[in-house]
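Please read the structure below before turning to the comments.
The values are calculated or read from the model by the stated rules, or taken from the named source; none is laboratory data. Being a predicted model, the structure only gives us computed values, none of them experimental. Accessible surface areas use protein heavy atoms only, side chains included; no ligands, DNA or RNA. Shrake-Rupley method; radii C 1.70, N 1.55, O 1.52, S 1.80 Å.
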Amino acid sequence: SGPAITHIPQVPEGFWALLLLSIGATEQFRAEKGWVDPSETPIDAPGMLKADYTPGDLGFDPLGLKPEDPEEFREMQTKELQNGRLAMLAAAGFLAQEATDGKGIIEHFTSMS
């Protein structure tokens, strides 16, 4: 309970281990799908991407929303990146407001009316 800025210490410790394992497994999958095995790359070309890999495309599209046209896919990628960046700025604004006066975003909305 309380402002969002105080929630991290309230999270049970087991959650962090589960989160670490989940992120690690996801990153391992992404690395295996996108990058050439380091033992198979020249010494002067570390981090070489596979020829058939497009950054951000892991093949997960259960609803079939991915555009077939590569240009359209690039445009959608750009829109998603911009949307994510805007969301991060908004979240930072919420946290900055809470750090300033200790009131959550809902408290601010209800106090305005």
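Relative to the longest principal axis of the chain, what angle (0 to 90°, nearest 10) does the C-alpha long axis of helix 70-101 take?
The answer is roughly 30 degrees.
Whenever you get a sec, compute what percent of the accessible area on the range 15-113 sits on carbon and sulfur atoms (1.4 Å probe).
C and S fraction of accessible area: 64 percent.
Taking the alpha-carbon distance from K50 and a cut-off under 17 Å, which aspartates and glutamates remain once sequence neighbours fewer than 8 residues away in the same chain are dropped?
Result set, ordered by chain and number: E27, E32, D37, E40.
Find the relative contact order for the range 11-113 and round it to a whole percent, using C-alpha pairs within less than 8 Å whose residues are 6+ positions apart.
13 percent
For W35, enumerate residues with amide H under 5 Å from its amide H, sequence gap 5+ or separate chain, H modeled in the peptide plane.
Close amide H contacts, sequence-distant or interchain: K50.
For the chain, what are the per-bin percents of Cα-Cα distances with bins 10 Å wide, up to the bin holding the maximum?
Result, from short to long distances: 11, 22, 28, 24, 12, 3, 0 percent.
What list of ³J(HN,Hα) couplings, whole Hz, do you get for the range 61-68 from phi and the Karplus terms 6.51, -1.76, 1.60, once you set θ to phi - 60° and write x for glycine and proline?
In residue order, the calculated couplings are 8, x, 9, x, 8, 5, x, 6 Hz.
Enter the angle in degrees (range 0 to 90, nearest 10) between the Cα long axis of helix 13-34 and the first principal axis of the Cα atoms of the chain, meaning the one along which they spread out most.
Long axis of 13-34 versus the principal axis of the chain: about 30 degrees.
So, for the chain, what is the accessible surface per residue at a probe of 1.4 Å, expressed in square angstrom?
For the chain, the per-residue accessible area is 83 Å².
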